[in-house]
Amino acid sequence: MKNIVLIGFMGTGKSAAGRRIAKRLDMRFVSTDDMIVKREKRPITRIFTEEGEAYFREVEKEAVKEAAAMDNVVIAAGGGAVLDEENMSNLGSKGVIVCLTASPEAIYERTKKYKTRPLLNVEDPVSKIRELLEARAPFYRRARYQVDTSDKTINEVAGDIIGIMKK
């Protein structure tokens with residue numbers, strides 16, 4: 001089976017669904033964000049604060065390249081990884097790309113309790129979510145499949161993606 005690559009905005013369920021899919025299909029789960037945190041030995045919020053987004057995107061590019069080269073994995077790519085053409089090319093080289101989507105309100109509800117989301121540490125996070133979703137929409141639409149997670153449980157999302165893979 002090809003790798004399964006989950007892209008989408010933060011809070012759409014990439015990591016939670018990815019772990020569930022990996023377990024059900026006896027695959028390994030890999031999060032590019034987790035790879036970055038381990039490699040940098042600091043949380044993503046600190047990387048953004050101390051080095052800036054441009055530095056983070058370069059580190060992310062290396063993590064994506066490494067993850068994309070693996071076999072028999074479910075990859076949860078960071079929400080902004082899609083902004084880089086090379087990332088998308090690498091992810092698609094050995095994997096089927098599935099974009100997880102959700103409404104801005106669902107995303108906010110899922111992410112509001114975490115202060116580790118640097119792009120949402122603003123006065124009006126729902127407006128920021130809408131703005132970022134709109135800017136990234138053309139990139140997310142390039143995925144072969146789309147799964148709306150707004151009103152679904154993680155088990156339902158995992159089941160939908162496994163169903164796609166078995167087609």
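A short reminder: the numbers here are calculations on the coordinates, not readings from a lab. Here the structure is a predicted model, which means the values were calculated and not measured. Quick reminder, even Gly has a Cβ in these numbers, built from the backbone with ideal geometry, and neighbours come from all protein chains shown.
Candidate cross-link partners of Lys152 among the aspartates and glutamates, defined by an alpha-carbon separation under 15 Å and a same-chain spacing of 8 or more, comprise Glu105, Glu109, Asp160. Relative intensity of the chain on a log10 scale, I(q)/I(0) at q = 0.10, 0.12, 0.20 Å⁻¹, equals -0.33, -0.49, -1.44, per a Debye sum over C-alpha point scatterers of equal strength in the absence of solvent. Taking every DSSP helix (H) stretch of at least 4 residues in the chain, weighting each as -39,500 (n - 2.57) and dividing the sum by the residue count yields a mean residue ellipticity at 222 nm of -16500 deg cm²/dmol. Each residue of the range 141-148 was assigned a 3J(HN,Hα) from its phi angle through the Karplus curve 6.51 cos²θ - 1.76 cosθ + 1.60 (θ = phi - 60°); the sequence is 5, 6, 5, 5, 10, 10, 10, 7 Hz, with glycine and proline shown as x.
Close amide H partners of Ser150, meaning residues 5 or more places away or on another chain with modelled amide H under 5 Å apart, are Ser103.
Within straight-line reach of Lys167, meaning a Cα separation under 19 Å, sit the following aspartates and glutamates at least 8 residues removed in sequence or on another chain: Asp26, Asp148, Glu156.
What residue among Tyr108, Tyr145, Tyr55 shows peak mean-square fluctuation when the chain is described by a Gaussian network model with Cα springs under 10 Å? Largest GNM mean-square fluctuation: Tyr55.
Across the cross-link table entries Lys38/Lys94; Lys23/Lys65; Lys38/Lys65; Lys2/Lys65; Lys61/Lys113, which are compared at the Cα atoms, the separations over 18 Å belong to Lys38/Lys94; Lys23/Lys65; Lys61/Lys113. With the simple model of a label 7 Å out from the Cα in the direction of the Cβ, Lys41 to Ser89 spans 3.4 nm.
Computed over the range 1-141, relative contact order equals 37 percent, with contacts defined as Cα pairs under 8 Å that lie 6+ residues apart.
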